[in-house]
Every structure is written in structure tokens, then in C-alpha cells.
1. In a helix (DSSP H, G or I) and in contact with a Phe, Trp or Tyr (Cβ under 6 Å, 6 or more places away or on another chain), is that true of A:Val86?
2. Given the conditions (1) touching a Gly at 6+ places or on another chain (Cβ under 9 Å); (2) within 30 Å of B:Leu54 (Cβ to Cβ); (3) at pLDDT below 95, report the number of the one that A:Arg178 does not fulfil.
3. Here are B:Arg101, B:Arg93, B:Arg108: which of them is surrounded by 21 or more Cβ atoms within 10 Å (Cβ to Cβ), of a type in the set (Lys, Arg) and over 21 Å from B:Ser24 (Cα atoms)?
4. Filter region A:184-206 for residues that are within 18 Å of A:Tyr51 (Cα to Cα) and in contact with a Leu (Cβ under 7 Å, 6 or more places away or on another chain) and give the result.
5. Suppose we keep only residues that are in contact with a helix residue (DSSP H, G or I) (Cβ under 6 Å, 6 or more places away or on another chain) and of a type in the set (Val, Ile, Thr) within region B:24-58. Which one would you say is surrounded by the most Cβ atoms within 10 Å (Cβ to Cβ)?
6. Between a residue in region B:71-94 that is within 18 Å of B:Val46 (Cβ to Cβ) and any residue that is of a type in the set (Asp, Glu) and not in a strand (DSSP E or B), which pairs come within a Cβ distance under 6 Å, given they are 6 or more apart or on different chains?
7. Working only within region A:163-173, note down all residues that are of a type in the set (A, V, I, L, M, F, W, C) and more than 10 Å from chain B (Cβ to nearest Cβ).
8. Answer yes if at least one residue in region B:22-30 is of a type outside the set (D, E, K, R), over 20 Å from B:Ala218 (Cβ atoms) and assigned to a loop (DSSP other than H, G, I, E, B), and no otherwise.
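The values are calculated or read from the model by the stated rules, or taken from the named source; none is laboratory data. Quick caveat, the model's predicted, so the values are computed rather than measured. Cβ atoms come from the backbone with ideal geometry, glycine included; neighbour counts cover every protein chain shown.
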Amino acid sequence: MDLLLQALLNGILIGGILICLTIGFQLTFGVLHVIDFAVGGWVMLGGYAAYWASQLLGLDPFISIFLVFALFVAVGCAVGPLIYHVRTSRYARPDLMALAFTFGLFIMMRGGALWLWSFDSRSVDSWLSGHSLSLGPVTVPLLRLSAFAMALLLAVGLFVLLYRSRFGLAVRAVAQNRDHAGLMGVDVKRISAYVYGLYTGITASAGVLLATIYSVNPEVGVRYTLFAFFVAVLAGLGSVGGVLVAGLLLGLVESLVGTYVGTRYSLLVVFATLYLVLLVSPKGILQRGI
Amino acid sequence: MSTELSVTDLVTGYGKQEIVHGVSMAAREGEITCVFGPNGSGKSTVVKAIAGLLPVWRGRLQLGERELTGLPVHEVVRHGIVMMPQGGGVFPRFTVMENLRMGGYSLRDTAWVAQRIEALIDEYPSLQRRRHVAAGSLSGGEQMMVAFARALVPDPTFVLLDEPSAGLSPALVSETMARVEGLRERGVGVVMIEQNIREALPVADRLYILAGGQRKFAGTPADIHDDRHLMTLYMGGAA
């Protein structure tokens, strides 16, 4: 029983970070109609940014995460117009071209990281590392709890922005119909760039948290791209609300399988779950967009 | 002095395909200007170019003295020209209120927009009751109400209507034409693309007929002698 409680708690804590990892990816799909292969790349770069901030500036990742967020929002706003350009090109199959573009971006990130920083795994230390809280039968590592809180803060912040601001209204309008939003006076190109910036900012911040909990090396991107795909497809592509449910579910499944069956089966079970859910509900859990 | 929306020798199309081959027309504030033509005549292409949805290849677009040629779609609204796409173009996942707020998106003064929305929604009791209902769950007629109210939010000089009667039941078509006349009563200039000539002709002040991407007729409904004359024009024959 205690073991189950512990496993459930771990699952929820990781699930929160998976939400943060996928929510921007999902928003980008909803607004730009681009499946961004580079999602794991942004996670990886965010992790490295936290590592170097800690090494060079001596910043705790829970401080540097704000800088990383700002930095990657800026980077994303610069890359966003390129992706928008590819996606809205008049040539044949811009959807596939955009997929190829982000795949290329991902390969470049991975190659660049290997070349610059080698294959070594780097861990990012926080003053929270090693501390934990005892709550009755379960132990809560402070690091994971804080990471969960930070991830939730980012996700809630995004929701507030989307549903309580003029900018959010424009973003949701573009997600529904790009042309009609343009007719209302929305600068679709600029909004798309900002959305891509928000996405890279949030995703890199998730990378900071993941690097602090585990570690970071140039190869981690692939794994996180897979996770983001899993959560996004399970939630229903483009559905930002569904991410909340799907992220928690993935966290719980992974944790329960890791505890009771064995870590090496976790990906197997994770994708079997995806298969089963899609069999029952082909459009994902919450069958609607933002 | 009423403002004129003028199109001069417009050439445009989709991708590399030229659809409109040098069309000129003018519409005045407080008048209903109808553009008729069979499928593929380029009538929708002309309004899409005015709204900025399609690039102008050659020719000019002007609102009074102001140059509109080459403006991106989101800038055109700021000059007081609102386009209502076919089917009304309401955002189905937005509530009625959110749709109306989008109508005022191009304006900075949000307090003014809020007041304006309240004034407009008062004219539609059935929308008043459904302010917070998703527009996609409303009936076709109610969605058209939202579309018309939304088009009026920024207090436009011109409203461009792309086949407002398309896909509507006969009863709704006459209701929609009444709304179009309502726009004129407010002093708004209307440019209406229509296939449904029988319903649209009685409300028109000016008339253009396009065929094959060229202007075949320009005049007023009084210039049309009878149905046979109209059909000849419509099919691209000589006036």
C-alpha cells in the first residue's frame, strides 16, 4: 500500500513536468499546424543552458530557469517566422516540408550539442537536491516537488495568457481559422512567431527541470520527442486541455510500471496504453482543439 | 461627401493562375453594390483581393484618396473595410461574446469596443440570451446574426459580403437580404457577391456582372430590361 502511494505520487510529480513538456508543442500544432520534431531538442538545449548557467554563473536552476525561459522565447520568436514561411509556402506539401524542416532543426541541435559538449552526461545541481519531506508513509523529494510546482506554474501561466488576454483571444482565433482571424485584424505571422517563442520558452524550461532531476546529454532529445508525441496524440493533436489529462496519465503509467514491472518495460507499456486509448477514442481524450 | 471604394484594372489570381484579368469597379458609402457572375467568373477573387486575402498582381485599390493596394489582410480592417467570408466566418469554438470581441480586435480602445458590443447585442435579443454559448452550436440563422453584428463592431465604412445567401434556406435568404439593407440604413457601403440574383437584385443600388474574369456589365438595376436581358448578360453575352 505504501509502495503504491509512493508510486502514484512519483507519477503525478513526473506527469506535471510532462505536461509542461508537451503543452507548448500542442499549442504550436494547434496554431501553426506544425508537428515540431525539434521538441526534444529544445528540452535538451534548455538542460544545457541550465548546466552552463550553473557552471559559469553559479546560478541555481530554479533561478536560471527564468533566464532560460526568456532566452528561448527570444530564440523561438526568431526561428518562428522561418517555420511559418515554410509551412505557408505555395509549393507542394508545405505540411511535409515543415515536418522535414523541424526534423533538420532537431538533427542540427543534436549534432551541434555532440560537437560542442561531447557525449558526456552532465548533471545540474540545485540546493534542493538530496532534501526530502516525509509525509506519513511517503517520501517527497523536495527537488521533484519544486520542479512539479514550477512546471505547473508555467502551464497555468500559459492557460491564463490563452484564456484571459487579448493576445490569447487572437491565438485561439488563429487556431480556429487563420484567414478569418486575419480578416479580424490579427497579424497571423506575428502571432505565429510569438506562439513558437512561447513554446520554445516553456519547453526549454521543462528541459531545465528534467536536467535537474535526471541529467542532460545530446541524446536525451529523442526520448523527450517521443514523450511529447505520446502525450500530444493521447490528448488529441491540438488540444491544449487534453494535455493535462494525458500528461498525468503518462506519468502515472510510467511510474507504476517502473515500480511493479520493471523500468525496461515502461516504453512498451506506455505505447500499448496509447494504442488502446486510440482504439477506443481515435481522436484522443478530449476531442477538441483550443 | 461619401467615400468611394474603387478597384482599377485589377489583375489577380491563385498561385500562378490568373483569374481576374483587369476588372474595374467602384462602390459608394451608403449604397449596396452587387457583383454577379457564374461560378469561376472571378467575383469572389475580386473581393478577396480587396480584403487583402489575395495579392494584387496589377492595378489599384483605393478607399477615397487612400491607397489600399498591397496592404496585408490584417491592415485592411484598420481602414474600415470588413469582409464577411462565405458562411459568415464565425469562430465555432468561441462564444458569441468572444466572436464579437474579435470583431473589435483591430481597435485599441477596448472600452469603446465593449460599449459598442453592448449596443449591438441589444438589437438581437436571441444573441443577448446566448452570449456565452459557443457560436458553433447556434443555428445557421443565429450564426449569421453573430456575423453581421461582428462586422459592425469596428464601425466600418465598407462591408464586403462573399455570397451571404450561400447554403441558407429560402426564409433565411430573405432575412439576410433584410440585414444587408440594414447595413445600408446605417450608412455603411456594401459590396455583395451573389449567385442568388433574384433575391439580391431588388436590394442593389449598383450592379456589376463578371464572366471569365472580365467585367461584362456595369450599371443599375434599372438598366436591366427583363429576365432575358439579364440572362444574356449573365452568360457573358454583349449588353
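1. Numbers: in a helix (DSSP H, G or I): yes; in contact with a Phe, Trp or Tyr (Cβ under 6 Å, 6 or more places away or on another chain): yes.
So A:Val86 fits the description; yes.
2. (1)
3. The match here is B:Arg101.
4. A:Ile202, A:Thr203, A:Ala204, A:Ser205, A:Ala206
5. Once the filter is applied, the top-ranked residue is B:Val35.
6. Filtered contacts from region B:71-94: B:Gln86/B:Glu163.
7. We begin by selecting, within region A:163-173, every residue of a type in the set (A, V, I, L, M, F, W, C); these are A:167, A:169-171, A:173.
Listed by number, the residues that qualify are A:Phe167, A:Val171.
8. No, the conditions are met nowhere in region B:22-30.
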